[in-house]
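The values are calculated or read from the model by the stated rules, or taken from the named source; none is laboratory data. No experiment lies behind these values; they were computed from the predicted model shown. Cβ coordinates were reconstructed from backbone atoms using ideal geometry, including for glycine residues, and neighbour counts include every protein chain displayed. Ligands, DNA and RNA are excluded from the accessible area calculation, which covers all protein heavy atoms including side chains. Shrake-Rupley method; radii C 1.70, N 1.55, O 1.52, S 1.80 Å.
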Amino acid sequence: MQHLIDLDDYPVSWWNRIISLSKDIYTNPARYQGACSGKVMGTLFYEPSTRTQMSFQTAMLRLGGSLIGFDNPATSSVSKGENLKDTTKIVSGYADILVIRHPLEGAAKAAALTADCPVINAGDGGHLHPTQTLTDLLTLTLEKGRIENLVVGMCGDLVNGRTVHSLCKALSCYQGNRFVFISTPELGIPSYIKDILSAHGCEYKELSSLEEAMPELDVLYMTRIQSERFASVEEYEAQKNVYVLDKEKMKLGKKDLVVLHPLPRVDEITMDVDDDSRALYFKQARYGVFIRMALVLTMIEGRDTTQLLKGSVLRDVCCKNPKCITTREHYLPKSFRKSSDIAECEYCDERILL
């Protein structure tokens, strides 16, 4: 069975096919009307979402399919204590494809282990967001004409930003991309992302000033400081307004700069930036529908099989990440990728010294 949990499960050539199919759907939408007639999508959204949830729903409806699911676990049997396995098993028996968003990292992979239909990861905690990444790649393809040889600035909450992590990993697979990480020390890019960039030979640097970074960027990817990822209100308040993109800072950017944002925004981009032709975050959100239409078609056809767990079960080792799905769903096999004295959790990518 084919799933989309992490883009790393597929070669770059597969990503390019999805982008190419999305472009064809964007150009020739009538050709795909009714392509999923009689098919049902189940959406399991364990945390709030507007764009991701509605764009998946729109994608399925435009393909002629129908929808079931929930957007609030409080209105489902989850509120009665039902575990992820049972919820997934039941709904996957009703649907032809499942889309899941969950606050715990690795939840989509955990769901796919026992699902009876394809599963698409719509965001798992601060870990990954592969459909947003494909949306970002499509946006760059359509608006910049390339996804190679770009200087990409990432600004804001880089430690919890699953969209940032996914996009960095993806762009590192294309030639000549360089990265500028703009954040406070507390919200800096995780070391495992730096390791991935280094392994691909990608240059990167870390700055604390958005003004300093602006003149050299081809792409600026702004992110929200995510209150839901902080342990306390005080920690969030100390970080929330450090980086704000406004008209004055936009004057420092290139004429062909592209400003993206996975949305929602709070205060990190002022409203007056919306009128700048380089601000493409609303277009970016619209492009997400075409990517998700392409993914639904591809996953339902199911030409490939996704191997979910490739490592070893280490019975005496537990993931140290408190946000990992294995900390709540204790029936899950504790699977790790081993390298010398390091074990890496196959659900959330947390590294543990053995």
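In table form, for the structure just shown:
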| quantity | calculated |
| --- | --- |
| Restricting segment 261-306 to residues that are of a type in the set (A, V, I, L, M, F, W, C) and under 27 Å from D349 (Cα atoms), the residue that is most open to solvent (accessible area, probe 1.4 Å) | L263 |
| Those residues of segment 250-276 which are in contact with a Leu (Cβ under 9 Å, 6 or more places away or on another chain) and not in a loop (DSSP other than H, G, I, E, B), in sequence order | M250, V258, V259, L260, I269, V273 |
| Answer from V152, V164, V159 - the residue that is within 20 Å of the chain's Cα centre (by Cα), modelled with pLDDT of 95 or more and at negative phi | V152 |
| Breaking point among (1) surrounded by 14 or more Cβ atoms within 10 Å (Cβ to Cβ); (2) under 25 Å from T326 (Cβ atoms), for Y26 | (2) |
| Wholly within segment 172-243, helices (runs of 4 or more DSSP H) carrying at least 1 residues that are at pLDDT below 95 and in contact with a Leu (Cβ under 9 Å, 6 or more places away or on another chain) | 191-199, 233-239 |
| Residues that are within 23 Å of R162 (Cα to Cα), open to solvent by less than 60 Å² (accessible area, probe 1.4 Å), assigned to a helix (DSSP H, G or I) and at pLDDT 95 or above, drawn from segment 1-23 | V12, W14, W15, I18, I19, S22 |
| Counted residues, segment 103-125 - those being closer than 25 Å to R286 by Cβ and assigned to a loop (DSSP other than H, G, I, E, B) | 1 |
| Sole residue being closer than 28 Å to Y281 by Cα, hydroxyl-bearing (S, T, Y) and part of a helix (DSSP H, G or I), chosen from T43, T58 | T58 |
| Residue in segment 194-226 that is surrounded by the most Cβ atoms within 10 Å (Cβ to Cβ), counting only those that are among the β-branched types (V, I, T) and closer than 20 Å to E268 by Cβ | V219 |
| Test result for L309, farther than 14 Å from Y192 by Cβ and either open to solvent by 80 Å² or more (accessible area, probe 1.4 Å) or in contact with a Leu (Cβ under 7 Å, 6 or more places away or on another chain) (or both) | no |
| Qualifying residue in segment 295-314 (condition: of a type in the set (D, E, K, R) and more than 30 Å from L61 (Cα to Cα)) | yes |
| Number of positions in segment 295-354 that are among the small types (G, A, S), without any contact (Cβ under 8 Å) to a residue 12 or more places away in the chain and within 17 Å of D124 (Cβ to Cβ) | 0 |
| Pairs with Cβ under 8 Å, 6+ apart, first in segment 67-83 and at positive phi, second at pLDDT 85 or above and not hydrophobic (A, V, I, L, M, F, W, C) | G69/G42; G69/T43 |
| In segment 323-343, the residues that are open to solvent by 40 Å² or more (accessible area, probe 1.4 Å) and within 21 Å of I193 (Cα to Cα) | K323, R337, K338, S339, S340, D341, I342 |
| Residues of segment 147-193 that turn out to be farther than 20 Å from P103 by Cα, crowded, with 23+ Cβ neighbours inside 10 Å and acidic (D, E), as a count | 0 |
| Per-region count, segment 178-190, residues more than 19 Å from the chain's Cα centre (by Cα) and more than 13 Å from T223 (Cβ to Cβ) | 4 |
| Tally of residues being closer than 30 Å to K255 by Cβ, hydroxyl-bearing (S, T, Y) and in a helix (DSSP H, G or I) across segment 277-326 | 2 |
| Any hit, segment 122-143, residues being over 20 Å from A294 (Cα atoms), open to solvent by 10 Å² or more (accessible area, probe 1.4 Å) and at pLDDT 95 or above | no |
| Hey, K80 open to solvent by 60 Å² or more (accessible area, probe 1.4 Å) and of a type outside the set (A, V, I, L, M, F, W, C) or not | yes |
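Residue by residue, here is whether (1) over 26 Å from N160 (Cβ atoms); (2) part of a helix (DSSP H, G or I); (3) open to solvent by 30 Å² or more (accessible area, probe 1.4 Å) holds:
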| residue | (1), (2), (3) |
| --- | --- |
| G64 | yes, no, yes |
| L67 | yes, no, yes |
| K89 | yes, yes, yes |
| S92 | yes, yes, no |
| L98 | no, no, no |
| R101 | no, no, no |
